[in-house]
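Everything on this sheet refers to the single structure shown next.
The values are calculated or read from the model by the stated rules, or taken from the named source; none is laboratory data. Keep in mind it's a predicted model, so treat the numbers as computed, not measured. Positions of Cβ are backbone-derived with ideal geometry, glycine not excepted, and every protein chain shown enters the neighbour counts.
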Amino acid sequence: MSKTKEKGTKIKRSPGDQAVQVLIYLLVAAFALVTILPFIYVVAGSFATERELTERAFFLIPKTISTNAYQYIFRTGDAVRGLFNSILVTVVGTMINMFFSCTLAYPLSRPYFKGRTGIMNMVIVTMLFSGGMVPSYILIANILKMKNSYLALWLPTAINAFNMIIIKNYFQGIPMELEEAARMDGSNDLLTFVKIILPLSKPVLASVGLFYAVSHWNSYFNAMLYISDSKKEVIQIVLRRIIFLTSSVATEGGFDWGAFGTPPQKAIKMATTVVATVPILLVYPFIQKFFTQGVMVGSVKG
Amino acid sequence: MGNQAKKVTWKQALYAHRWLYIMIIPGVLYMVIFNYLPMGGLVMAFQEFSPYNGEGLFGPFLESPFVGLNVFRKFFTGPDFLMLLKNTLSISIASLIFYFPAPIILALLLNELGGKYFKRITQTMVYIPHFISWVIVAALTQQMFSTTDGFVYQLMEQIFGRGNGPDVMSNPGLFVPMLIGQSMWKETGYGTIIFLAALAGVDVELYEAAKVDGANRWQRMWHITLPAIRGTIVIMLILKVGSLLNTGYEQIFLMQNSMNRGVSEVFDTYIYTKGVVNGNYSLATAAGMFKSVVSMIMVLGANKLAKMCGESGFY
């Protein structure tokens, strides 16, 4: 997508035009810098001593490297438990998403599937209108009794209509001849789906899977609504608590601060932020490979 | 439907593609339970609903007394409605004016860049925040703007004087700018993708020809680049207008505190507080239904308008 302009033909630029070009570079660079500066600042701060954090307003490399904050959060256990819970929620949740989305997308992608318009309309209605938060909450909490169960984080969000349509469009793009050949060989619809369609759809499955995974990892509100058992807290809940409720960090855990005297309050906040962010940054290169196509198929009608 | 024309009868289709019909059961069940059943729950908006009425799981819905449009009347004439409408609209209109054009501008700037590597690196950087949770955005905001130790705050103290820096986290007047700033930081980069994708379809020769004909940078942008992304802009605008009442609760909920509640209480947070926290189910359901209905009408309306103006629309 970076081919709109090439430097092939050299037509002389006026000095004014060159100045504009430089300005554009500077603007884009400034924006990119503002985007990543907070991350660098937080990573740097998480490895700094509390003294340095109070003495120096801003730095990108701490003078003394300290891992105290990380030792603290990994010993007190909240963040670690949060991480494990988040991994569980994300992995199982994404598998559920993929199962529900693919099994709905495949029949809807077959032109010979009778009833497909009706069911597709059902999907579109859900994109335009919903019962809203309270009826869903009553359904999940009071009727299905899923409070304090991860089912409340998995099932109500099992299908995202946009993601499902991305998959469906991809299935539709696979040449029919492959399917017909399989049918000649005596394959039924299920075998064709599992043995031919799914393996051919790896790129879209990877990208949609990553979208689902990121949204599970980042989800805060549903966890707050439905999970109150502290043993089941996910990382976003833990992070929010540590960031906004400042006091309790000091005395928790019976941790010996040794030479540093006071626990590194600010560094602990930063370290928790880093711990919650790193998993996303680890998968980011993989997401990046796929997300362009995902956004395109999902949003632009052909 | 389809009693003529279709040669295949339902019976034949069900048998021939039985696996497809079995396969689609989970998805349809999902929609019925988690999308359509809650729509039935909207009946609460017309009742004086209490979960303790009636027997069994659905008893409360059947036994709670119907009160017609009373709940809506109470909601619209109550003291909260105008405040909610004002707060919600100030956030979404500010977002429409300042945040909506940001990805378009950045995409236009990126499109003017020549160097391949610089462009690729900056793109990689600006896409990252999209994948970060709102909790982390709130945490970063707190760490930068906190009046006790935020470095941006300390920087601003140097300009405004000690102790006089703007308290972004609790000053009600700065609440909307803070939200817009967060959204811009988080989504501007990622928002460019869709416009850059549309621009990738533009023939490079068009630019070359324009250059040869003496068109300057602005003329090329005006006559080639902008027309290429006009359809995309319209679609994004429709989506944005349709979600004018959906300010999104995660971000606002995280940034809401006792100091800024006067400006930060929007429909979404109100529905949560009234319904989930206070258990005033009927009122919260009515507020939610008002929001859903208005949003739907606006999406459909904007879509129709776009089609009338000759754009392709959303669907």
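The lone criterion from (1) within 11 Å of another protein chain (Cβ to nearest Cβ); (2) part of a helix (DSSP H, G or I); (3) modelled with pLDDT under 85; (4) under 26 Å from B:MET178 (Cβ atoms) left unmet by B:ASN303 is number (4).
Of the residues making up the stretch B:265-286, those that are more than 8 Å from chain A (Cβ to nearest Cβ), surrounded by 20 or more Cβ atoms within 10 Å (Cβ to Cβ) and not hydroxyl-bearing (Ser, Thr, Tyr) are B:VAL266, B:PHE267, B:LYS274, B:LEU283, B:ALA286.
Among the residues of the stretch B:258-283, the ones that are more than 30 Å from B:VAL168 (Cα to Cα) and assigned to a helix (DSSP H, G or I) come to 3 in all. Please go through the stretch A:14-55 and pick out each residue that is within 11 Å of another protein chain (Cβ to nearest Cβ), surrounded by fewer than 19 Cβ atoms within 10 Å (Cβ to Cβ), more than 21 Å from B:MET125 (Cα to Cα) and in contact with a helix residue (DSSP H, G or I) (Cβ under 9 Å, 6 or more places away or on another chain). Those that are within 11 Å of another protein chain (Cβ to nearest Cβ), surrounded by fewer than 19 Cβ atoms within 10 Å (Cβ to Cβ), more than 21 Å from B:MET125 (Cα to Cα) and in contact with a helix residue (DSSP H, G or I) (Cβ under 9 Å, 6 or more places away or on another chain): A:ASP17, A:VAL20, A:THR54.
If the condition is being outside any helix (DSSP H, G or I) and small (Gly, Ala, Ser), then the stretch A:38-80 contributes A:ALA48, A:ALA57, A:SER66, A:GLY77. Restricting A:ILE159, A:ILE87, A:ILE138 to residues that are within 23 Å of the chain's Cα centre (by Cα), β-branched (Val, Ile, Thr) and within 7 Å of chain B (Cβ to nearest Cβ) narrows the list to A:ILE159. Restricting attention to the stretch A:90-135 and to residues that are under 20 Å from B:TRP19 (Cα atoms) and of a type in the set (Ser, Thr, Tyr), the residue that is farthest from the chain's Cα centre (by Cα) turns out to be A:TYR112.
Note on the stretch B:185-225: residues that are surrounded by fewer than 20 Cβ atoms within 10 Å (Cβ to Cβ) and touching a residue at least 40 places away in the same chain (Cβ under 8 Å) amount to 4. Taking helices (runs of 4 or more DSSP H) as the structural unit, those lying wholly within the stretch B:76-140 and holding at least 1 residues that are surrounded by fewer than 23 Cβ atoms within 10 Å (Cβ to Cβ), among the aliphatic types (A, V, I, L, M) and at the interface with another protein chain (Cβ under 9 Å from one of its Cβ atoms) correspond to B:101-112, B:116-127. Taking the stretch B:240-258 only, how many residues are over 16 Å from B:ALA94 (Cα atoms) and either in contact with a helix residue (DSSP H, G or I) (Cβ under 7 Å, 6 or more places away or on another chain) or within 10 Å of another protein chain (Cβ to nearest Cβ) (or both)? Number of matching residues: 7.
Of the helices (runs of 4 or more DSSP H) lying entirely inside the stretch A:81-199, the ones with 2 or more residues being touching a helix residue (DSSP H, G or I) at 6+ places or on another chain (Cβ under 8 Å) and under 30 Å from B:LEU283 (Cα atoms) are found at A:116-128, A:133-137, A:151-154. Looking only at residues in the stretch B:26-58 that are more than 26 Å from the chain's Cα centre (by Cα) and of a type in the set (Phe, Trp, Tyr), the one that is surrounded by the most Cβ atoms within 10 Å (Cβ to Cβ) is B:PHE49.
Do you know which of the residues in the stretch B:203-236 that are under 29 Å from the mean Cα position of the chain (by Cα) and facing another protein chain (nearest Cβ under 10 Å) is nearest to B:ALA102 (Cα to Cα)?
B:MET236
Scanning the stretch B:132-149 for residues that are at pLDDT 90 or above and of a type outside the set (A, V, I, L, M) yields B:SER133, B:TRP134, B:THR141.
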